[in-house]
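The next block holds one structure in the form of structure tokens; read it before the comments.
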């Protein structure tokens, strides 16, 4: 099953003032639904596909409504800056989701691990653990084509 991915171009005006020919930043985005506590699905939302993220990240205002199995509490997520003040407190949980596109293509329901942030002002980020490792990821930004191709999984 292939699910089309959106190629999003975003302009950082401050960066373009500093480096005038920088242009747009590119992100890969997909549509996602999560399993709610009442066994229904969440509204479709946009998520960033981050091939540099080892695990997905969900904001509090989303995951507090989901069917979540908490696997660990009191953990701190770190980005590329290892300083203490850059840590974000999270729990680690297991949630269920599907990825979909505008043409009606949809993945099977997947159980994934996610950092469960206690902040709302962060985007939904889809990382590798139990999610992106299940897909072949193809993108050609110049041509504007991108997709995820679901692979058969044996142990996930």
Could you give me the residue pairs with C-beta distances under 7 Å whose first residue belongs to region 1-22 and is at negative phi and without any contact (Cβ under 8 Å) to a residue 24 or more places away in the chain, whose second residue is assigned to a strand (DSSP E or B) and surrounded by 13 or more Cβ atoms within 10 Å (Cβ to Cβ) wherever it lies, and which are 6+ apart or on separate chains?
8/27; 8/29; 10/27
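Yes or no, residue by residue, for (1) surrounded by 18 or more Cβ atoms within 10 Å (Cβ to Cβ); (2) under 21 Å from residue 5 (Cα atoms); (3) out of contact with any helix residue (DSSP H, G or I) (no Cβ under 9 Å at 6 or more places or on another chain):
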position	(1), (2), (3)
28	yes, yes, yes
36	no, no, yes
56	yes, yes, no
103	no, yes, yes
107	yes, yes, no
Subset tally (residues that are in contact with a strand residue (DSSP E or B) (Cβ under 7 Å, 6 or more places away or on another chain), without any contact (Cβ under 8 Å) to a residue 40 or more places away in the chain and in a loop (DSSP other than H, G, I, E, B)) for region 36-90
5
If I filter region 128-143 down to residues being in contact with a strand residue (DSSP E or B) (Cβ under 6 Å, 6 or more places away or on another chain), free of Cβ contacts under 8 Å to residues at least 40 places away in the same chain and part of a strand (DSSP E or B), which single residue comes out as farthest from residue 55 (Cα to Cα)?
138
Can you confirm whether residue 52 is within 21 Å of residue 146 (Cα to Cα) and either at pLDDT 95 or above or surrounded by 15 or more Cβ atoms within 10 Å (Cβ to Cβ) (or both)?
no
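The values are calculated or read from the model by the stated rules, or taken from the named source; none is laboratory data. Since the model is a prediction, treat every value here as computed from it, not as a measurement. Every residue, glycine among them, receives a Cβ derived from its backbone with ideal geometry; neighbour counts consider all protein chains shown.
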